[in-house]
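Novice: Dropping the structure in here first, questions after.
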Amino acid sequence: MLAVEARGIVKRFGRKLALRGVDLEVRRGEVFGVVGPNGAGKTTLLRIIATLVKPTAGSLRVMGIDAIENPAEVRKVIGYLPEEADVYPRLTGWENLLFYARLVTGSEAEARKLARLGAEISGLGDALRRKAGTYSRGMRRRLLLARTLMLRPQLAILDEPTSGLDVFSAIGVRRAIARYVREEGATVILSSHNMLEVEYLCSRVALINNGVIVALGTPEEIKEMANAPNLEEAFLKLLGGGVGEG
Ligand SMILES: Nc1ncnc2c1ncn2[C@@H]1O[C@H](COP(=O)(O)OP(=O)(O)OP(=O)(O)O)[C@@H](O)[C@H]1O
Ligand SMILES: [Mg+2]
C-alpha cells in the first residue's frame, strides 16, 4: 500500500502556477526526499499532502484516504513540521511538549509519556527546563520536530527539518528521523537543501523545478542518470542551468 498517491496535482496562486501537474507515489516505510531550488514548489506540495492547501486540480490519497474528500481523516494519521513555525516562548521546552501532548489525549499520564518521548527525541536535555523563548533557532527546530514525532504519526511531513541547525544538531535530528522510521515503521516525506542529508536519509528522492518533477529515483539512480559523482552535481546537471522560479 502507498503512503501518498498524487495524480496530476496543480496549484495556482492567482496568476502563479506553483505546481503544474505532479504525479507522486510514496511507499509506506520509506523516507522520501523532495529537493529543488527556492520557489520550485516543495513547500506547496508538502502543504497539499498535509491537507493545509487544496490543490487546484488533481487527485490525492494519503495513507489510503482521499485527502480532497476527507482531509480531517488524513489529519488524524499525519504529522506536519512547517517550514516556518514557532514555539510558545513563555512556556519551557518541556511545557511546550506537554501542551501538545495534552491536545491529543485526555489522560495526564499518557500526556506525560508522550512528552517524555518528545523530550528524548529533542535531545535538548536540561535546556527543556528553560523558557523556549530563550532558545536558539536550532533548538526551536529540534523542539518542533520532537513535538511532531512524539505523536507517532503514520506519515510525518517535514519541511526542511534541519534548516539552520549546526552540523552536530543536524546529525542528531537525522538520527532521530531514521530511528523513528525504523522503530515505528512510519513513513517520512521531507524537503531539504542538504544533499548529504538526502543521501543519508532518503530511499528515494524527487527533484522539483518550476512546479514539475524533473527527476525521481534512488540517490544512486539519480547519480547514474546524470553521470555525476554526487547528488549535488547530479541535480545541477539535471537542472541544466534552468534553475529558479518560472
Ligand atoms: N500563498 C501563496 N501565494 C502566492 N504565491 C505563493 C504562495 N505560496 C507559494 N507561492 C509561490 O509558489 C511558488 C512555490 O513556492 P514554494 O514555497 O512551494 O517553494 P519551495 O520549493 O518550498 O521554496 P524554498 O526552497 O524557498 O522553501 C513560488 O513562486 C512562491 O512564490
Ligand atoms: Mg519551502
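Novice: Just one of 148, 162 is in a loop (DSSP other than H, G, I, E, B), in contact (Cβ under 8 Å) with a residue 12 or more places away in the chain and within 15 Å of the chain's Cα centre (by Cα); which is it?
Specialist: 162
Novice: Okay, next question. Taking the conditions exactly as written (part of a loop (DSSP other than H, G, I, E, B), among the small types (Gly, Ala, Ser), more than 16 Å from ligand 2 (Cβ to nearest atom) and without any contact (Cβ under 8 Å) to a residue 60 or more places away in the chain), does residue 170 satisfy them or not?
Specialist: no
Novice: Follow-up question, since we're still on this one. Scanning the stretch 157-175 for residues that are within 16 Å of ligand 1 (Cβ to nearest atom) and small (Gly, Ala, Ser), which turns out farthest from residue 37 (Cα to Cα)?
Specialist: 164
To keep it simple, each residue is scored yes or no on (1) away from ligand 1 (no atom under 16 Å from the Cβ); (2) within 17 Å of residue 177 (Cβ to Cβ); (3) in contact with a Leu (Cβ under 6 Å, 6 or more places away or on another chain).
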{"site": "69", "(1), (2), (3)": "yes, no, no"}
{"site": "73", "(1), (2), (3)": "yes, no, no"}
{"site": "81", "(1), (2), (3)": "no, yes, yes"}
{"site": "90", "(1), (2), (3)": "yes, no, no"}
{"site": "93", "(1), (2), (3)": "yes, no, yes"}
{"site": "110", "(1), (2), (3)": "yes, no, no"}
{"site": "131", "(1), (2), (3)": "yes, no, no"}
{"site": "153", "(1), (2), (3)": "yes, yes, no"}
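Novice: Counting only residues that are among the aliphatic types (A, V, I, L, M) and either away from ligand 1 (no atom under 16 Å from the Cβ) or surrounded by fewer than 15 Cβ atoms within 10 Å (Cβ to Cβ) (or both), which one in the stretch 1-35 is farthest from residue 212 (Cα to Cα)?
Specialist: Ranking the qualifying residues of the stretch 1-35, first place goes to 1.
Novice: So, one more: When residue 141 is evaluated against the numbered criteria (1) modelled with pLDDT under 95; (2) away from ligand 1 (no atom under 16 Å from the Cβ); (3) in a helix (DSSP H, G or I), which criterion, by number, is the only one it fails?
Specialist: Checking residue 141 against (1) modelled with pLDDT under 95; (2) away from ligand 1 (no atom under 16 Å from the Cβ); (3) in a helix (DSSP H, G or I), the one that fails is (2).
Novice: Which condition from (1) in contact with a strand residue (DSSP E or B) (Cβ under 7 Å, 6 or more places away or on another chain); (2) among the aliphatic types (A, V, I, L, M); (3) outside any loop (DSSP other than H, G, I, E, B) is the one that residue 111 breaks?
Specialist: Unmet for residue 111, out of (1) in contact with a strand residue (DSSP E or B) (Cβ under 7 Å, 6 or more places away or on another chain); (2) among the aliphatic types (A, V, I, L, M); (3) outside any loop (DSSP other than H, G, I, E, B): (1).
Novice: Further, regarding this structure: Does any residue of the stretch 76-83 turn out to be of a type in the set (Val, Ile, Thr), out of contact with any Ser or Thr (no Cβ under 7 Å at 6 or more places or on another chain), free of Cβ contacts under 8 Å to residues at least 60 places away in the same chain and within 19 Å of residue 147 (Cα to Cα)?
Specialist: Within the stretch 76-83 (the criterion being of a type in the set (Val, Ile, Thr), out of contact with any Ser or Thr (no Cβ under 7 Å at 6 or more places or on another chain), free of Cβ contacts under 8 Å to residues at least 60 places away in the same chain and within 19 Å of residue 147 (Cα to Cα)), the answer is no, since none of the residues qualifies.
Novice: Go through (1) surrounded by fewer than 22 Cβ atoms within 10 Å (Cβ to Cβ); (2) touching a residue at least 60 places away in the same chain (Cβ under 8 Å); (3) within 20 Å of the chain's Cα centre (by Cα) for residue 61 and report which single condition fails.
Specialist: The single condition residue 61 does not satisfy is (2).
Novice: A further question follows. So, in the stretch 146-160, of the ones that are within 16 Å of ligand 2 (Cβ to nearest atom) and at negative phi, which residue ends up surrounded by the most Cβ atoms within 10 Å (Cβ to Cβ)?
Specialist: 157
The values are calculated or read from the model by the stated rules, or taken from the named source; none is laboratory data. Since we're looking at a predicted model, the values are computed, not measured. All Cβ positions, glycine included, derive from the backbone under ideal geometry; neighbour counts span all protein chains shown.
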